[in-house]
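Below is the structure I would like to discuss, written out as structure tokens.
Bear in mind that the values in this text are calculations on the coordinates, not laboratory data. Here the structure is a predicted model, which is why all the values come from computation and not from measurement. All Cβ positions, even for glycine, are placed from backbone atoms using ideal geometry, and neighbour counts span all protein chains on display.
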Amino acid sequence: MPPTADESLLTAAEELVSTSEPASVAPSDRVVSNEYRGEIPAKGDVLTLNQVMKMDPDDYSRWIYSKDARYSRVDLFPEPWNTYLTKTNIWMIAPWIFPILFLIDYEHFFSSVLLATVTHLFLWPLVEIFVHKIVFHMEIGDSKLIMLIHFMFHGIHHAAPRDYGHLLMPYTVSVPLTLIGWSLLYTLTGGHIFATNSILAGFLTGYVRYDLTHISLHSFTPKNLQSFLESLQYVPTSVTKFLTAYYRELKQAHDKHHFSEPDRFFEVSYRGADSATLRQPDPEIALEKERLEAGRLQIAGLERELMLPPPYEEATAEERANICPRTNRRLPHATPVTTSVTYPQRHQARRKKMLELHPELTELMRPEMASVILAAGLSLIQFGVAVLIAPQASWWQIVLLVYLFGAFVDHALWVLIHDFTHNLGLGDVVVGGIAIDKLTANALMCIVANGPHLFPSGIPFRQYHLQHHAYLNERGGDPDVISPLELRLFGDGRSFISKLLWLTFSQISQGLRPLQFKPITSPRYYQLLAVNAVHNIIYGYLAYLISGSSYSAVAYLLFSSLVSIGPHLVGIRWIAEHFQVAPDQETYSCYSSIRYLILNMSCHVEHHDLPRVPWMHLMTVRKIAPEFYDRLYAHSGYWTVLFQYLFDSNVALTSRITRPTKRTDDGVAIDDNIDMLEVEAQPIPTSTDSVVSEAVATETDVAEESKKDQ
């Protein structure tokens, strides 16, 4: 009998997955076998619940995600109850439109739609990934009951991915869950009907989008979509190409989830960090793989010195527990205790070797005027929103405005302040016949970008951030390391409450950390700090006056400043960068779509490797030298980091690699007294040898900025 269209599409999907390149994101530590050969139900057209329940839970765990679990249909109950209770079809999505329309508050239409949209865009992806990864892919253990629940809710779909009758959640489950969800939201909002209904409308919209996308991924190929869009003559060619490429990425990711890597690619209705690895065309992937293999040969034997895991075959028994045998990538293994080491930070050795093998990286080390223009523009935009929009908004609308807009703008300004700290905005300039050196020019740009934050923190950040690079993770030297005072206030930070409190007040705690160091005595530092304070006071006062003496304008600016590095998605960066979640790795990157919102600063390993590369070129560093990054553990997304930080007791405030400091009581490096800013002020070197020597000196021979003026 010739194969059906469904069977042909299933075979094509499996062939596509089997020929795909391995992704560059670290997989989980549970390796799934696609060649399970235990006692399984006979492979045929129909699978029944009775057949599945005869299996041992351990056999079921290995079988359900293997290639042997491929059936055309699953019958849970005898007919007609099987159809009435479990079967669905695509038309069952349509009725969900009515409760969505019913839940919208038409008297406050704009506010209700806004709240529903926020829920749909920002909260639904979190729910989708949580339910799919944590609930649907739960560990079975030895429990037959858990095995039954798993199969009923999700295993049935993996056993028969082409069974259209089980692509959706039946009404017998979805309607009761919706009512339970409404009750929970009603309780959480304190009985606020407007908020409850609007939030639920956003969740239901996300659920409808999820169902439509899921059915499409199992029904249509990218060529089907392309042909359909091309038949609509009014759709521009560029839109057709974009939508086809977007859909192809979603389908490839979902096919991989079903047919080869069920422990990854959990996102369905949106592109996630895992699916981002599929975006390159095949020729580019082949070229990247060739370059990667050549680079690996050049650093063979140096992996440990370069913060990379050794090849699995050469690793010790202890190291193998945290290395994926298939990809040689480092696996996550968080620990709540501080890991004390004596070796120097690995970024120095990494930088030296990177510049030796890839001298073209020096072309990226240059100031970018675009950062200056962007800082001025964002500062003006934030001022305009505070003056024109905030005074017209209610308190809850200001909160939404802060979380959806203001916090992102303020965090982007922090990234630009960070670049100005490394003198990556301006060179030596002449204004009105007055020559301004590179250090002063960039310090003034720190002040300009710091205006919307209201707190005069641009100049202090500039001072202590350079210290962070110079004394990375050194106790008593690095201002980024949790202080003893914070540990006394929040404990070891293993409980949910203590970690949430620390995250909420992280800006205040980080501002107090410099008090543990010897006071700065440089007159120049205090002169710039005074200018910083006056500028911010004027900025806030003008916003208050021009807005018609509205405290809402100041509240918007103040709240945006606090949230941007606190309890917000972008504020998770302070946790994601250096909290230890993998052995022998003290810095972490994240390559998900969040990097577009935070100006690539989630590429944090790249930044510590080459701190003189501006934010816009950090991904280029990874592309030029992939062998230095492909085996490191990388966060899959900030939502995942937040969930792990709050709910995993193995991730605590003490989860960090630390080392003894090389600072003296005077706050100066023992080996030398060269100021980091003096080193960074030097011209970009032209020869490879000078690049390497300066790269090593940039962090090892450092003193405080005040040393320049003493």
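Which cross-chain or sequence-distant (5 or more) residues have an amide H under 5 Å from the amide H of residue 333, H modelled 1.01 Å from N in plane?
Those lying under 5 Å, H to H, from residue 333 are 582.
Separate question: Search the structure for amide H atoms under 5 Å from the amide H of residue 261, placed 1.01 Å from N in the peptide plane, and list their residues when 5 or more places away or on another chain.
When sequence neighbours closer than 5 places are left aside, there are no close amide H contacts.
How large is ³J(HN,Hα) for each residue in region 531-540, as worked out from phi by the Karplus curve 6.51 cos²θ - 1.76 cosθ + 1.60 (θ = phi - 60°), to whole Hz, x for Gly and Pro?
Running phi through 6.51 cos²θ - 1.76 cosθ + 1.60 with θ = phi - 60° gives 4, 4, 5, 5, 4, 5, 5, 5, 4, x Hz.
Grab the Cα-Cα distance for residue 396 and residue 187, subtract it from 0.36 nm times how many residues apart they are, and report the gain in nm with one decimal.
So the chain would gain 73.4 nm between residue 396 and residue 187.
Next question. How many nm is it between the label spots at residue 305 and residue 231, if each spot is 7 Å from the Cα in line with the beta carbon?
Spacing of the two 7 Å Cα→Cβ label points: 6.3 nm.
Based on the alpha-carbon gyration tensor of region 461-576 and its eigenvalue square roots a ≥ b ≥ c, which shape applies: rounded if a/c is under 1.5, prolate if not and a/b is larger than b/c, or oblate?
oblate
Sorted by packing (mean other beta-carbon atoms within 10 Å per residue), highest first, where do 367-379, 399-411, 625-637 land?
For the peptides 367-379, 399-411, 625-637, the packing ranking is 625-637, 399-411, 367-379.
Report the net charge of residues surrounding residue 427, where surrounding means a beta-carbon distance below 10 angstrom and charges are Lys +1, Arg +1, Asp -1, Glu -1.
0
Right, something else. Restricting to DSSP loop positions (anything but H, G, I, E, B) with no more than 12 other Cβ atoms inside 10 Å of their own Cβ, which chymotrypsin sites (Phe, Trp or Tyr not before Pro) remain in region 192-249?
Here the sparse-neighbourhood loop sites are 234.
Then there's this: How much net charge surrounds residue 171 when only the other residues with a Cβ under 13 Å from the Cβ of residue 171 are counted, with Lys and Arg +1 and Asp and Glu -1?
0
Can you give me the C-alpha center-to-center distance between region 286-330 and region 578-623, rounded to a whole angstrom?
Answer, in whole Å: 19.
Name the residues whose placed amide hydrogens come within less than 5 Å of the amide hydrogen of residue 339, ignoring near sequence neighbours (fewer than 5 apart) on the same chain.
656, 657, 658
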